[in-house]
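The values are calculated or read from the model by the stated rules, or taken from the named source; none is laboratory data. Model, not experiment: these values are computed from the prediction. Heads up, the Cβs are rebuilt from the backbone with ideal geometry, glycines too, and the neighbour counts pull from every protein chain shown. Just so you know, the surface numbers come from the protein's heavy atoms only, side chains and all, with ligands and any DNA or RNA stripped out. Shrake-Rupley method; radii C 1.70, N 1.55, O 1.52, S 1.80 Å.
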Amino acid sequence: MITIVGSGAIGGLCAAGAQQASAPYRLLARSGSTALQSVKLQDGHRIRLKTVTDNPTVTLTANDVLILPLKVFQLSAAMTYWQPLLSTQTPVILLHNGMGGMELANQFLPDNPVYLATTSHGALKTAPTEVRHTGKGQTMLGLSPCHRGSAKLNTHITTIMECCIGPVTWREDILFALWQKLAINCAINPLTAMHDIRNGELIDAAHRTTIEAIIKEVCNVAIACGVELDFSSMLAQVFDVINLTADNYSSMHQDVTHHRPTEIDAITGYIIAQAKKKGIDVPINTLLYNTIKRR
Ligand code: KPL
């Protein structure tokens with residue numbers, strides 16, 4: 001059984017994928033949050049989800065899979081809750097923007113097989129109970145370098161994620177993929193939130209210098225951390241995502257608009273923390289971080 005936790009847009013997409021593939025799943029709303037009921041697909045079809053709202057205490061075995069499509073700041077509570085309910089053999093998949101999940105899993109779930117994923121699918125919560133799939137993307141998946149897996153399990157988890165939120169590319173270098181996504185989020189998320197614009201409006205020449213400065217700083221920090229992010233190719237990727245998701249509001253824009261906590265600490269905040277450790281100045285990212293924190 002695939003257990004998907006939360007009421008977020010990406011969790012909704014995973015549940016809709018599992019439902020369409022007839023894979024056995026349940027979607028568990030976190031206590032106190034409104035349960036999702038449906039996902040509207042890009043072709044207009046609406047998928048009614050099998051959401052469990054009465055919050056039963058379920059225990060998971062080695063044959064189950066736990067997907068945590070939660071924000072980094074929600075993970076400590078989720079892992080504290082789930083840790084006693086899991087077998088140490090239960091695979092756990094983290095799917096979030098920014099960094100920090102792997103370290104938390106290392107602390108709370110050191111013995112489980114833990115997988116890290118990042119997706120470029122676009123999804124939007126149009127109501128507390130409904131998600132809309134706004135853009136087809138792809139998902140990168142890999143084993144957390146802090147955890148143990150096995151070739152057979154890696155294949156099994158790839159198949160599960162393929163039906164939930166495919167297409168999936170298995171990455172031996174998942175940390176590199178996560179850093180690339182981090183750079184993209186550092187450029188797009190705070191700027192769209194602070195200027196109250198859609199992703200596509202970042203094409204305007206007025207934003208070019210700032211985007212370049214953000215990416216330059218992120219690449220400097222990445223390289224100091226041993227991750228070879230190349231400035232020109234990263235910049236090109238950022239503009240590809242801006243074009244591909246032009247009509248979308250970024251997740252941080254949505255969070256700021258709906259007065260929800262943002263992921264700024266796991267995104268720009270992570271860069272600032274690593275920069276501090278390495279003695280690197282990141283003035284533009286610091287400015288954006290402080291601006292979003294004041295909202
Ligand atoms: O991941 C995203 C987000 O909004 O969080 C991007 C890639 C910026 C797409 O909107």
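Contact annotation: residue pairs with Cβ atoms under 9 Å, 6 or more positions apart or on different chains, pairing a residue in the range 198-222 that is not assigned by TED's automatic domain parsing to the domain that holds Gly98 and at pLDDT 95 or above with a partner that is of a type in the set (Asp, Glu) and surrounded by 15 or more Cβ atoms within 10 Å (Cβ to Cβ), are His207/Glu201. Could you please let me know if Thr245 is within 18 Å of Asp196 (Cα to Cα) and buried (at least 20 other Cβ atoms within 10 Å of the Cβ)? Yes.
Checking each residue in the range 195-214 for being within 14 Å of the ligand (Cβ to nearest atom) and of a type in the set (A, V, I, L, M, F, W, C) picks out Ile197, Leu202, Ile203, Ile211, Ile214.
Results for (1) out of contact with any strand residue (DSSP E or B) (no Cβ under 6 Å at 6 or more places or on another chain); (2) under 30 Å from Cys186 (Cα atoms), shown as yes or no for each residue.
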site: Gly8; (1), (2): yes, yes
site: Ser31; (1), (2): yes, no
site: Ala35; (1), (2): no, yes
site: Ile47; (1), (2): no, no
site: Val52; (1), (2): no, no
site: Val58; (1), (2): yes, no
site: Leu68; (1), (2): no, yes
site: Val72; (1), (2): yes, yes
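Look at Tyr289 and say whether it is within 13 Å of the ligand (Cβ to nearest atom) and open to solvent by 30 Å² or more (accessible area, probe 1.4 Å). Spelling it out, it is not the case that Tyr289 is within 13 Å of the ligand (Cβ to nearest atom) and open to solvent by 30 Å² or more (accessible area, probe 1.4 Å). In the range 85-98, which residue that is assigned to a loop (DSSP other than H, G, I, E, B) and on the phi < 0 side of the Ramachandran plot is nearest to the ligand (Cβ to nearest atom)? Filtering the range 85-98 for residues that are assigned to a loop (DSSP other than H, G, I, E, B) and on the phi < 0 side of the Ramachandran plot, the one nearest to the ligand (Cβ to nearest atom) comes out as Asn97.
If you go through the range 248-272 and pick out every residue that is open to solvent by less than 50 Å² (accessible area, probe 1.4 Å) and more than 12 Å from the ligand (Cβ to nearest atom), you end up with 5. If the condition is being more than 20 Å from Tyr289 (Cβ to Cβ) and within 12 Å of the ligand (Cβ to nearest atom), then the range 215-238 contributes only Gln237.
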